[in-house]
Amino acid sequence: MKKNFFKLSLKQKQNYAGYLWISPFIIGFIFFFLAPMIQSFLFSVSELKFTPDGYELNFVGMQNFVYAVTVDPNFNQYFTETILGVLVNIPAVIMFSFFVASLLNQKFKGRTVARIIFFLPVILTAGVLHQLEVEDLMHLTMQDEGSVMLSAAMVRDFLLDMSLPQVLIDYVILAAGNIPQLIEYSAIPILIFLAGLQSIPSHLYECATIEGATGWETFWKITFPLVSPLFLTNIIFIIVYSFTAPGNTLVDYIYSLTWGRGIFGVSVAMSLMYFLAISIILVVVGLIVERNVFYME
Amino acid sequence: MNLVIKKRLNDISWAAVRGVLIIGLCFLIVYPLFIKFATTLMTEKDIFDRTVRWVPRNFSISRVANHYLEVAQNMNYLRASLNSLLFSLAISVCQLISCTVIGYGFGRFDFKGKGILFGLVIFTLVVPPQMIAIPLFLNFRYFDLYGLLPGDGFNLIGTFWPFLLTALTGTGSRNGLFIYIARQHFRGMPRALEESAYIDGAGQLRTFFTIMLPGAIPIMVVIFLFSFVWQWNDIFFTSVFMRGGMPLLPFSLQHLTGQYHWSISEEFKTIVNNTGMILFIIPLLLIYVFLQRYFIESIERTGIVG
């Protein structure tokens, strides 16, 4: 079956060159990713000790995992809080960023300026800033104002009078109280949605207008289906981003365990469980969304 | 009613609603920045004072200038920001080169196992960095490439090497995203371009540099901007791999209040920290202002989605 390399066509030879182009990644993946992953599995079932000329591992079985779940005072609480927080955030961020992207996609004066401002949060998300803002007096008063303004009982009663379901109202008010975070998380999803909206061929819209479709129909029959693959991309991005973003409680806690108190085995075990939880959420959400996505090809 | 008038009315009212929405949202984004800046102009008394909002009561330019100078001195601003600039620039250029090359490989060639290999690229994005940070730290602390290099292993912690090595192999922080962006771009380029280059006798390298790269410049600006900004902002990897290394700006910001006497008030701490944050953000804003044209254009033209 083995073909002589010199008898391959030019096309096939060129395709072999593909391995050469991506070879840096293959090397990097093996040395700086796969190997550390395997090591972290090993670390999670052992006790790490530093010796003068390196480090040694003693096998301790599932002890680290048991410690993290049953003994550690904060892990369970932070774990559930973080995961629930992310799950709650997803729909709000997706709706908000799609809405903003549609706004920015229209033609109006000052569109460039608006875009520059909307992508500003991309460059302003630094871990240090988050750390300092926690104890910042001005920032705290600002947050107070925000929650007072938006969770006002009046708005809530007004919405209740419209006989909307209570769960929905509570969710909207919760999301509205969280607008700064919402904006920060939305910056890149907005970018991705915007790029998607721009790639929709304009003749589809022309056709729809000639056939007499209203804006509402055009949106649901053309825009929404064509952008729907990006909902998947964005949902995956938000899950990944918010699970590793600076300011995430559990991530900070694991960091303080590792570098503050030197408990290596337990903190690796914690991040492993965290990773498993993220993967399960990603797969489940991915499968659900994938089913409802429309591909043009 | 006349249809034309009705349509016109509709358009105008929608434009008004849209304007209000956009201006409101823009304000929400810029508001924290304004507050930060306003805080740096205040004295401790102004922070207590509920009537002071933007402009402090005892405002004097010379006091503010002195205050900024003092904070910059305590941050070791010139030295630290130059360090950070050099550091982020070196790393992001490496990431740019490696991710463009790798993205080109994924975008233009059909080889066996491409799907799986690209799946691995996405996989690197999903794994939280905290998980592999400890093994990576140990590997760089006693660096011998798993026994491949002779000797007892080098200590690379506190140098550029951990960052350069991961950047050059496309496994640095969020490099999967950059590879993805580059691949999407190269995948969208017409085949004919490449074929005509081959027919004219250009080799693969020449085709890449003279035909493919010029078209990819906007997308490379996007990758560079993201990479630079995230490197500048990062304190996770730098605090792990740069322990005892040269002072970088995020660290001096983090320990800024430690430079002052322990008895300073919370209000004074707030003012100092805000000044530090503004000083930290300024270089980023400058770069963003310079590159935003390419950034926004490239979204419009090719788009990250392709």
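See the values below:
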quantity	calculated
MRE, 222 nm, helices only [DSSP H, n ≥ 4, -39500 (n - 2.57), over the protein assembly as shown, to nearest 500]	-22500 deg cm²/dmol
Residue with peak Gaussian network fluctuation, chain B [Cα springs, cutoff 10 Å], from B:Phe290, B:Phe111, B:Phe228	B:Phe111
Å² of accessible area per residue within segment A:247-286, as computed with a 1.4 Å probe and no ligands counted	34
Residues in segment A:194-222 occluded by at least 50 Å² - accessible area, probe radius 1.4 Å, against chain by itself	A:Ala195
Partner lysines for A:Lys11 [C-alpha distance under 17 Å; skip if fewer than 8 residues away on the same chain]	A:Lys3, B:Lys112, B:Lys114
Size of charge dipole - segment B:76-255 - debye, nearest 20, with Cβ of Lys, Arg +1 and Asp, Glu -1, no other charges	200
Under 5 Å, built H, 5+ apart or other chain: amide partners of A:Ser46	A:Val60
Highest-fluctuation residue, B:Ile22, B:Ile61, B:Ile12 considered, GNM on chain B with Cα pairs under 10 Å	B:Ile12
Of B:Met131, B:Met212, B:Met220, the one that fluctuates the most in a GNM where chain B has Cα springs shorter than 10 Å	B:Met131
List of segment B:225-266 residues, accessible area with partners at least 40 Å² below that of the chain alone (1.4 Å probe)	B:Phe226, B:Trp230, B:Asn233, B:Ile235, B:Arg243, B:Gln254
Tensor-based shape of segment B:1-84 (alpha-carbon gyration tensor, a/c under 1.5 rounded, otherwise prolate or oblate)	prolate
Percent accessible area from carbon and sulfur atoms, chain B, protein chains only, probe 1.4 Å	67
Projected-area average for chain B over all orientations - Cα convex hull basis, square nanometres	26.4
Principal semi-axes in Å for the protein assembly as shown [√(5λ), Cα gyration tensor, largest first]	38, 37, 26
Prolate/oblate/rounded call for segment B:76-255, Cα gyration tensor, a/c under 1.5 rounded	prolate
Heavy-atom surface of chain B, accessible at 1.4 Å and reported per residue (Å²)	47
For the pair A and B, total buried accessible area rounded to nearest 100 Å², probe 1.4 Å	8700
Given charges at beta-carbon only (K, R positive; D, E negative), |dipole| of chain B in Debye	800
Protection proxy ranking, peptides B:163-169, B:84-90, B:98-104, average beta carbon neighbours within 10 Å, highest first	B:98-104, B:163-169, B:84-90
³J(HN,Hα) computed for each position of segment A:240-245 - Karplus, 6.51 cos²θ - 1.76 cosθ + 1.60, integer Hz, glycine/proline x	4, 5, 6, 6, 10, 5
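The values are calculated or read from the model by the stated rules, or taken from the named source; none is laboratory data. Owing to the predicted nature of the structure, the values given are computational and were not obtained by experimental measurement. Neighbour counts run over all protein chains shown; Cβ positions are idealised from the backbone, glycine included. In case anyone asks, the SASA skips ligands and DNA or RNA and just uses the protein heavy atoms, side chains included. Shrake-Rupley method; radii C 1.70, N 1.55, O 1.52, S 1.80 Å.
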